[in-house]
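Chemist: If you scroll down you'll find the structure; I have some questions about it.
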Amino acid sequence: MEAHRPGVEAAGAVSAMVLAIGQTSFPDVLIDTLRTVADVGHCMVFTFEDQGSARCLLSAGNIAIGPDLGAAYSEHFHTADPNRDTIFRERAPARHILLPNFARRMYPKGYRKLFFEDSEIVDKAATAIWVGDHCYYVNFYRTAVQGGFAPDERQRIAVVAPLVGAIVARHCQDRAAVMDPADKLAQLFAPGGPLSVLTTREKDVCRRILSGFTSEAIAGDLGIALNSVFTYRKRAYEKLGIASQNELFAIALRLVATPRPLN
């Protein structure tokens, strides 16, 4: 995957995360995706409930004391996080919040000691999204062995952050009700769904594109000629009013990754 230009392949980069929503594999898929996009070392997800407590929902990556950091943040360090004020100040339903760039001076001494010195975190980026009364706060870290984020890496994070935040929120909501990846794809092709206008063969091709098949693999799986794959793909894209694989992924993401308001 070549995610070296802002916006290029952004939807495709996170497509695997959509299919992993609610699955035990989600943390691994999340960190693998973030490493592909911007060589993120570790990711931690916290939730805020109104002005009260914080909880660590997910920790994945190369920081050995990640679970300890999550517990410490949830217990009391969240009140010293300067991003917390921004998150509550800019609170709005389903609104993506891209937090300010990292600067060590923003944090109090005790916070710096535990979260940056002991853990060897040297840089971070963060995003947040409110869903009902819950905020999902996603943090992307780089450690000393990696060095800080380069400007182009920060730019790529900014491109995918809204999608990643929405997908993470949906996963955290759906963990108790696991949906098979095939069922997620079926939503797209169900009557009234965005891809229901396609013929059976056009759906077959699009379903496999969304599952990560190459054109050659689609031809082999369906037992048809490669040129036929191109023809069905072209017809499908024309019916959907799109011109690229990225736009097909975007349709899937809009349907499957949109967080639900909590009851």
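The values are calculated or read from the model by the stated rules, or taken from the named source; none is laboratory data. Predicted model only: the values in this text are computed from it and were never measured. Every residue, glycine as well, gets a Cβ built from its backbone with ideal geometry; the counts of neighbours run over all protein chains shown.
Chemist: Name the residues in the range 57-81 that are acidic (Asp, Glu) and buried (at least 19 other Cβ atoms within 10 Å of the Cβ), would you? Step through it out loud before you land on a result.
Modeler: Of the residues in the range 57-81, the ones acidic (Asp, Glu) are 68, 75, 81.
Result: Asp81, single match.
Chemist: Follow-up. Mind checking which residues of the range 186-197 are part of a helix (DSSP H, G or I) and either modelled with pLDDT of 95 or more or of a type in the set (S, T, N, Q) (or both)? Lay out the reasoning, then the answer.
Modeler: Keep residues of the range 186-197 that are part of a helix (DSSP H, G or I), which gives 186-189.
Hit for the range 186-197 is Gln187, nothing else.
Chemist: Still on this structure: If we scan the range 156-172, do we find a residue that is under 27 Å from His42 (Cβ atoms), surrounded by fewer than 18 Cβ atoms within 10 Å (Cβ to Cβ) and either touching a helix residue (DSSP H, G or I) at 6+ places or on another chain (Cβ under 8 Å) or not assigned by TED's automatic domain parsing to the domain that holds Ile87 (or both)?
Modeler: No: the range 156-172 contains no residue that is under 27 Å from His42 (Cβ atoms), surrounded by fewer than 18 Cβ atoms within 10 Å (Cβ to Cβ) and either touching a helix residue (DSSP H, G or I) at 6+ places or on another chain (Cβ under 8 Å) or not assigned by TED's automatic domain parsing to the domain that holds Ile87 (or both).
Chemist: I'd like the residue in the range 136-155 that is over 15 Å from the mean Cα position of the chain (by Cα) and crowded, with 21+ Cβ neighbours inside 10 Å and, out of all such residues, is farthest from Leu19 (Cα to Cα).
Modeler: Result: Phe149.
Chemist: Working carefully through the options Val29, Val40, Val14, Val45, find the one that is in a helix (DSSP H, G or I) and either touching a strand residue (DSSP E or B) at 6+ places or on another chain (Cβ under 8 Å) or modelled with pLDDT of 85 or more (or both).
Modeler: Details: Val40 fails: in a helix (DSSP H, G or I); Val14 fails: either touching a strand residue (DSSP E or B) at 6+ places or on another chain (Cβ under 8 Å) or modelled with pLDDT of 85 or more (or both); Val45 fails: in a helix (DSSP H, G or I).
None of the other options fit; the residue is Val29.
Conditions tested, residue by residue: (1) within 30 Å of Ala125 (Cβ to Cβ); (2) aliphatic (A, V, I, L, M); (3) modelled with pLDDT of 90 or more; (4) within 22 Å of the chain's Cα centre (by Cα).
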position: Val164; (1), (2), (3), (4): yes, yes, yes, yes
position: Ile167; (1), (2), (3), (4): yes, yes, yes, yes
position: Arg175; (1), (2), (3), (4): yes, no, no, yes
position: Thr200; (1), (2), (3), (4): no, no, yes, no
position: Asp204; (1), (2), (3), (4): no, no, yes, no
position: Ser215; (1), (2), (3), (4): no, no, yes, no
position: Leu240; (1), (2), (3), (4): no, yes, yes, no
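Chemist: Can you tell me how many residues in the range 198-214 are surrounded by 18 or more Cβ atoms within 10 Å (Cβ to Cβ) and part of a loop (DSSP other than H, G, I, E, B)?
Modeler: Matching residues across the range 198-214 total 1.
Chemist: Note down all Cβ pairs under 6 Å where the first residue falls in the range 98-126 and is farther than 17 Å from Val45 by Cα, the second is of a type in the set (Val, Ile, Thr), and they're at least six residues apart or on different chains.
Modeler: Glu120/Thr143
Chemist: Still on this structure, I have one more. Could you please let me know if Glu49 is charged (D, E, K, R) and within 23 Å of the chain's Cα centre (by Cα)?
Modeler: Working: charged (D, E, K, R): yes; within 23 Å of the chain's Cα centre (by Cα): yes.
Spelling it out, Glu49 is indeed charged (D, E, K, R) and within 23 Å of the chain's Cα centre (by Cα).
Chemist: Name every residue in the range 203-249 that is among the charged types (D, E, K, R), out of contact with any Phe, Trp or Tyr (no Cβ under 6 Å at 6 or more places or on another chain) and under 23 Å from Pro191 (Cα atoms), in order of residue number. It would help to see each step written out before you state the result.
Modeler: We begin by selecting, within the range 203-249, every residue among the charged types (D, E, K, R); these are 203-204, 207-208, 216, 221, 233-235, 238-239, 247.
Pick out the ones that are also out of contact with any Phe, Trp or Tyr (no Cβ under 6 Å at 6 or more places or on another chain) and you get 204, 207-208, 216, 221, 233-235, 238-239, 247.
Answer for the range 203-249, where residues must be among the charged types (D, E, K, R), out of contact with any Phe, Trp or Tyr (no Cβ under 6 Å at 6 or more places or on another chain) and under 23 Å from Pro191 (Cα atoms): Asp204, Arg207, Arg208, Arg233, Lys234, Arg235, Glu238, Lys239, Glu247.
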